[in-house]
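The values are calculated or read from the model by the stated rules, or taken from the named source; none is laboratory data. Not measured: the values here are computed from a predicted model. Every residue, glycine as well, gets a Cβ built from its backbone with ideal geometry; the counts of neighbours run over all protein chains shown. Keep in mind that these areas ignore ligands, DNA and RNA; they rest on the heavy atoms of the full protein, side chains included. Shrake-Rupley method; radii C 1.70, N 1.55, O 1.52, S 1.80 Å.
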Amino acid sequence: VASGGMAAVAEATIARWFTPLSRERLAAEVARVRDGILRTPVAGYSACCAAIRDMDQRESIRAIRLPTAVLVGAEDPST
């Protein structure tokens, strides 16, 4: 992103967020999301990536005292 701008990650991001069927069926919505990605300030995106990289939730997650279900989908590579 620092050298290629948001266009360097736009298509990979769309592929992670939308299944192939969704990209086909929701073409207009996907186009709006793609536009939003491309308009994202590089500095803001980079700072968000750094925050995710640096976060360590191993201690705070221990504070959860209730039974918890964690769900992921077979077509959800981000999760």
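Tabulated data for the structure shown
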| read-out | value |
| --- | --- |
| Positions within the stretch 56-79 being more than 27 Å from Thr19 (Cβ to Cβ) and not β-branched (Val, Ile, Thr), in sequence order | Asp56, Gln57, Arg58, Glu59, Ser60, Arg62, Ala63, Arg65, Leu66, Pro67 |
| Residues of the stretch 45-79 satisfying the condition of being assigned to a loop (DSSP other than H, G, I, E, B) and hydroxyl-bearing (Ser, Thr, Tyr) | Thr68, Ser78, Thr79 |
| Members of the stretch 6-21 that are among the hydroxyl-bearing types (Ser, Thr, Tyr) and more than 12 Å from the chain's Cα centre (by Cα) | Thr19 |
| When residues of the stretch 41-71 are limited to those that are among the β-branched types (Val, Ile, Thr) and closer than 30 Å to Ser3 by Cα, the one least open to solvent (accessible area, probe 1.4 Å) | Val42 |
| Residues (open to solvent by less than 50 Å² (accessible area, probe 1.4 Å) and in contact with a helix residue (DSSP H, G or I) (Cβ under 7 Å, 6 or more places away or on another chain)) located in the stretch 20-32 | Val30 |
| The stretch 20-41, subset part of a loop (DSSP other than H, G, I, E, B) and without any contact (Cβ under 8 Å) to a residue 24 or more places away in the chain, residue nearest to Ala74 (Cα to Cα) | Leu26 |
| Count of the stretch 1-19 residues which are closer than 22 Å to Thr79 by Cα and either open to solvent by 90 Å² or more (accessible area, probe 1.4 Å) or among the small types (Gly, Ala, Ser) (or both) | 7 |
